[in-house]
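The values are calculated or read from the model by the stated rules, or taken from the named source; none is laboratory data. Since we're looking at a predicted model, the values are computed, not measured. Neighbour counts are summed over all protein chains in view; Cβ atoms, including those assigned to glycine, are modelled from backbone coordinates with ideal geometry. For accessibility, only protein heavy atoms count, side chains too; no ligands or nucleic acids. Shrake-Rupley method; radii C 1.70, N 1.55, O 1.52, S 1.80 Å.
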Amino acid sequence: MSENQSAAPAAKHMWLHKLFGSKPGDGEMQPKEGLAFSICGFGQNMICTIVGSYLTLFMTDAIGFPAIWVALLMLFARIYDAANDPIMGSIVDRTRTKWGKCRPYLKWMAIPIMIMTILCFLPWYPNSPGGFAAVTIVYLIWGMVYTVADVPYWGLSTAMSNDTYRRGNMLTIARLFCTVGAGLVTIIVPQIDSALTGANRSIVDTVQSFISQIQLSGEFDVDKLGIAALGPIQEFLAKCRDLNVANLADLNKAWAAVGGLGLKTDIVTGADLQNIMTQYGGQLQTDLKWIYFVAAIVCCVVALPLFYVGFKHTKERNQSLENPPSLGHNLKLLFKNKPLMLIVLSGIGGAARMLFTYTGGLYFAKYVFADRSFLGMQGTGLYTLFNMAIVPGGLIASVMVPFFTKKFGKRNTYIWSHIVGGVAMLIAFIVGIATDKGDYSHTATFVVLLLALVIAGVPVGFGNILTYAMIGDTVEYLELKTGERAEGICFAMQTLINKVGMAIGAFVGVLAYSMADITPNNPGALDASGKDTMWIMLMLVAAISFFLTVIPLFFYKFNEKQQQEAVEQIKLRKAAAAEGADGNVEAVNAAENGFAAEAVLPNENSEAVPIEGEEGDIALEEVHPEAEDTAAPVQEVAEPAPEAEEAGPNEDGSSDPEEQ
């Protein structure tokens, strides 16, 4: 084979190296691993989305559980689930296998996750306290099982690479895959729902419109007496004509629409109307149960092999070989990691910023936009449009992450993009409440809402990637400060943020459903006051959340330059420990390379400071940026806790570098 022929395959894959920021055969993370990691995320997010977006609707509209029960379950179960994340993170940090400490969980937990996901959507749960208790238990178990895979999955990114830019590129691509996986579920499932339930939903909506007109006539109190108490409908209509009620034209039109349904059942009295609502409403519930059950099975079948792809084709390089830390010790480490704690506070503050992409948006589309049609989508189908609206901004932001982080830094990119998103949502809220109060289905309001979601997609796209990358940086911060590398407990905070977001998103959405007094599968029964409640809960709360998320990050100081310095210092420290050298040798070696070995240790304000004095005492003096090219004087320092040179094991447990 000629030299040109042998070089061809390498050149063919160079675009992948450019995409991931990697170099062939340099011992660091390679494109094959990054793609496997991303593909696994695609499957994982399909599972997360089918449960996160549709389980609440399954419980309220398919089974019929009271909305307030479901709201409280979503809040407390997910907070409980989030509280498990630090425990799981500690378990990951204590895991020692030939595959590493993160990868094996992708292999072990794939099948349990699939089983519990399907059990969440079983169509045979009864609408009773016992049925609700059964769903609650299954959902709690699902959350714990999912956590066992989710925490190590995100921790794996830091175990694969400690190069912040290479890791950032990989996370950018992984988040794109995750977005596509979630997007497919949020786009396809509502369309299937709308298509398969459309006929029965049309009957229920038409009959409900007539019942609403009866109530508006003022001649029969439906809310107090119930429609079944209404006598012969023709006699009632004749009475309304004699009295010339204000809504007589709409009443006659609604009755004509009922006659136009072509139902085989004769509708003579109010009891017949009630029977129609019961019959077709019940059929709607049955249809929804099976739609979500089958959708869950399909998501599981697609996702299952992707977990194994992530396990088989990734490699852990940064491993701790010392005795595993206890949970109590790991929790103490968390509070020593100030930048990480600020990221957690930011994530909690921003938990409600995209309520329209959670269950609240699905309820809003189904009940407020029940009669609005756009691009062939109506009612529930418009939830697809809400999710599609955030895609353009999210994709643009995802692609531009490397540029913006290099030019402005991760922190500043996150802060200012979220301020813009908050302003967009606030403007949309004001426009809706000022011009379309009590309705919100007019074209102007609809367009402004979609534009706000498009703009809000930009900070969401940035945030989906930057928080993972920033948490990855704080792993190095913690290792430099304490000598301990704790990816598991650190990335448990990211999954905690995600689950708090899901908890708040689901809780606010179902709470709005309850406060608006929505009748399941009956959009026509929602009055103007209920629509106002939905708009305020979904738009104003989201705008406030956009602003809350940026506040903690104004105090975040651990920037990209300090992270790179931290990585170099950690390498020097480990090299000296591996050679049996003491702290003086380490300092000398660093000085010879133009880098002060102990010049960048984070202080309590997340600033880089030099080490001075004996026995490891730290002088809290800031290193000035203008002095960054000047080697600090070599001083005697206490010997740091030794750590072994880390090398990721292959499948057989060896530590030879993996070939591309």
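Might you check whether a residue that is outside any helix (DSSP H, G or I), of a type in the set (S, T, N, Q), modelled with pLDDT under 85 and on the phi < 0 side of the Ramachandran plot occurs anywhere in segment 515-531? The answer is yes; a qualifying residue exists. Figure legend. Inter-residue proximity from segment 502-519: first residues under 26 Å from I47 (Cα atoms) and open to solvent by 10 Å² or more (accessible area, probe 1.4 Å), second residues in a helix (DSSP H, G or I) and of a type in the set (S, T, Y), beta-carbon distance below 9 Å, spacing 6+ or different chains. Indicated pairs: I504/S545; V508/T359.
Take V222 and decide whether it is over 30 Å from T158 (Cβ atoms) and open to solvent by 60 Å² or more (accessible area, probe 1.4 Å). Working first, answer last.
Working: over 30 Å from T158 (Cβ atoms): yes; open to solvent by 60 Å² or more (accessible area, probe 1.4 Å): no.
No; evaluated as a whole, the condition is false for this residue.
Just one residue in the set I455, I471, I489 is in a helix (DSSP H, G or I) and open to solvent by 40 Å² or more (accessible area, probe 1.4 Å); that residue is I455. Taking L122, is it hydrophobic (A, V, I, L, M, F, W, C), closer than 16 Å to I47 by Cα, outside any helix (DSSP H, G or I) and in contact (Cβ under 8 Å) with a residue 24 or more places away in the chain? In short, yes. The conditions of being under 30 Å from F37 (Cβ atoms) and at pLDDT 90 or above are not met by I291. If the condition is being under 16 Å from V180 (Cα atoms) and either surrounded by 19 or more Cβ atoms within 10 Å (Cβ to Cβ) or at pLDDT below 85 (or both), then segment 393-416 contributes G393, G394, L395, A397, S398, V399. Output the residue which, of all residues in segment 433-447 that are free of Cβ contacts under 8 Å to residues at least 40 places away in the same chain and open to solvent by 40 Å² or more (accessible area, probe 1.4 Å), is nearest to H418 (Cα to Cα). Filtering segment 433-447 for residues that are free of Cβ contacts under 8 Å to residues at least 40 places away in the same chain and open to solvent by 40 Å² or more (accessible area, probe 1.4 Å), the one nearest to H418 (Cα to Cα) comes out as V447. For segment 88-130, the set of residues classified as open to solvent by 50 Å² or more (accessible area, probe 1.4 Å) and under 15 Å from E487 (Cβ atoms) consists of I91, R94, R96, listed by residue number. For segment 160-194, the set of residues classified as small (G, A, S) and farther than 27 Å from I115 by Cβ consists of S161, G168, S194, listed by residue number. Test of understanding: among E476, E484, which residue is over 30 Å from L288 (Cβ atoms) and open to solvent by 20 Å² or more (accessible area, probe 1.4 Å)? Answer to the selection: E484.
For the structure I just gave you, tell me whether W142 is crowded, with 21+ Cβ neighbours inside 10 Å and at pLDDT 90 or above.
Numbers: crowded, with 21+ Cβ neighbours inside 10 Å: yes; at pLDDT 90 or above: yes.
Criteria met by W142.
Kindly evaluate L572 against the criterion of being more than 18 Å from Y367 (Cβ to Cβ), at pLDDT below 85 and open to solvent by 30 Å² or more (accessible area, probe 1.4 Å). Spell out the reasoning first.
Values: more than 18 Å from Y367 (Cβ to Cβ): yes; at pLDDT below 85: yes; open to solvent by 30 Å² or more (accessible area, probe 1.4 Å): yes.
Here the answer is yes, as L572 does meet what is asked.
Taking the listed residues L184, L171, the one that is in contact with a Phe, Trp or Tyr (Cβ under 8 Å, 6 or more places away or on another chain) and hydrophobic (A, V, I, L, M, F, W, C) is L171, with no other qualifying.
Residue-by-condition table, conditions (1) modelled with pLDDT under 85; (2) more than 20 Å from the chain's Cα centre (by Cα); (3) assigned to a helix (DSSP H, G or I); (4) farther than 30 Å from I50 by Cα:
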| position | (1), (2), (3), (4) |
| --- | --- |
| G421 | no, no, yes, no |
| K437 | no, yes, no, yes |
| S441 | yes, yes, no, no |
| V448 | no, yes, yes, no |
| N498 | yes, no, yes, no |
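Of everything in segment 372-389, what is assigned to a helix (DSSP H, G or I) and open to solvent by less than 30 Å² (accessible area, probe 1.4 Å)? Give them in sequence order. Those that are assigned to a helix (DSSP H, G or I) and open to solvent by less than 30 Å² (accessible area, probe 1.4 Å): G379, T380, G381, L382, Y383, T384, L385, F386, N387, A389.
How many residues does segment 225-260 contain that are aliphatic (A, V, I, L, M), open to solvent by 50 Å² or more (accessible area, probe 1.4 Å) and part of a loop (DSSP other than H, G, I, E, B)? If you could, list the steps in order and put the result at the bottom.
Step one: of segment 225-260, the residues aliphatic (A, V, I, L, M) are 225, 227-230, 233, 237-238, 243, 245-246, 248-249, 251, 254, 256-258.
With the extra rule that they be open to solvent by 50 Å² or more (accessible area, probe 1.4 Å), the set shrinks to 225, 228-229, 243, 246, 249, 256.
Remaining after also requiring part of a loop (DSSP other than H, G, I, E, B): 246.
Residues that pass the stated criteria total 1.
Restricting to segment 151-203, count the residues that are touching a Cys at 6+ places or on another chain (Cβ under 8 Å) and of a type outside the set (S, T, N, Q). Full working, then the answer.
In the first step, residues of segment 151-203 are kept if they are touching a Cys at 6+ places or on another chain (Cβ under 8 Å); the result is 152-153, 155-156, 158-159, 182, 185.
After this cut, where a residue has to be of a type outside the set (S, T, N, Q) as well, the list is 152-153, 155-156, 159, 182, 185.
Number of matching residues: 7.
Which count do you get for residues in segment 417-430 that are surrounded by 18 or more Cβ atoms within 10 Å (Cβ to Cβ) and of a type in the set (A, V, I, L, M)? Write out each step before concluding.
Filtering segment 417-430 for residues surrounded by 18 or more Cβ atoms within 10 Å (Cβ to Cβ) gives 417-418, 421-422, 424-426, 428-429.
Still in the running and of a type in the set (A, V, I, L, M): 424-426, 428.
Result for segment 417-430: 4.
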